[in-house]
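Asks: Encoded as structure tokens, here's the structure I'll be asking about.
The values are calculated or read from the model by the stated rules, or taken from the named source; none is laboratory data. Keep in mind the model is a prediction, meaning the values are calculated, not measured. Here the Cβ is made from the backbone with ideal geometry for all residues, glycine too, and neighbour counts use every protein chain on show.
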Amino acid sequence: MSQLANILLTEKLEPKISDRILSSYKLKKPERMETTANDVFNFGVVLLQLLTGRKPESLVEEARNAIMKGGSISAMADPCLNGAYIVTEFQNVLSIAVQCTTPNEQERPNMEEVLQKLEETQILSLNFKSNCKNF
């Protein structure tokens, strides 16, 4: 499973998977390679870690409960954010992460759909921010 500790940043702040992780993938036999659905799941876990500041243990289930069962969205936010986030934007990204971590692989979005949803969230955020400047 992907973890934030396995994602490094270059000098230009571009993400890079650590060489240790890449070498472990190279050692795997082809029949055991990760599937696209697993990549989407792992990306969802990384998104959840970024949103919450927590380690992945039980995080997927907590996020699913917050989205699907009406749990507290604000309780999922990283305390370091000190409430400095747009709630609807946070909820949209949390929802995307939950979709990525759906137990049934066939129900997960592909990465193109994930990117489109993230871009839509960004556009909504930019529209909201530009409208707020008018007040």
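Asks: If a residue has to be exposed (fewer than 15 other Cβ atoms within 10 Å of the Cβ) and of a type in the set (K, R) to count, how many in the stretch 33-75 make the cut?
Replies: Going through the stretch 33-75 one residue at a time, the tally reaches 2.
Asks: Give all pairs with beta carbons closer than 7 Å in which a residue from the stretch 99-119 that is within 19 Å of E89 (Cα to Cα) meets a residue that is of a type in the set (F, W, Y) and crowded, with 17+ Cβ neighbours inside 10 Å; count only pairs at least 6 apart in sequence or on separate chains.
Replies: C100/F41; C100/F43; T101/F41; V114/F43
Asks: Here is a list: L9, L51, L27, L4. Which entry is modelled with pLDDT of 85 or more and farther than 18 Å from M111 by Cα?
Replies: L51
Asks: Residues being in contact with a Gly (Cβ under 8 Å, 6 or more places away or on another chain), assigned to a helix (DSSP H, G or I) and either at pLDDT below 90 or not aliphatic (A, V, I, L, M) (or both): count how many of those fall in the stretch 98-135.
Replies: Qualifying residue count, the stretch 98-135: 2.
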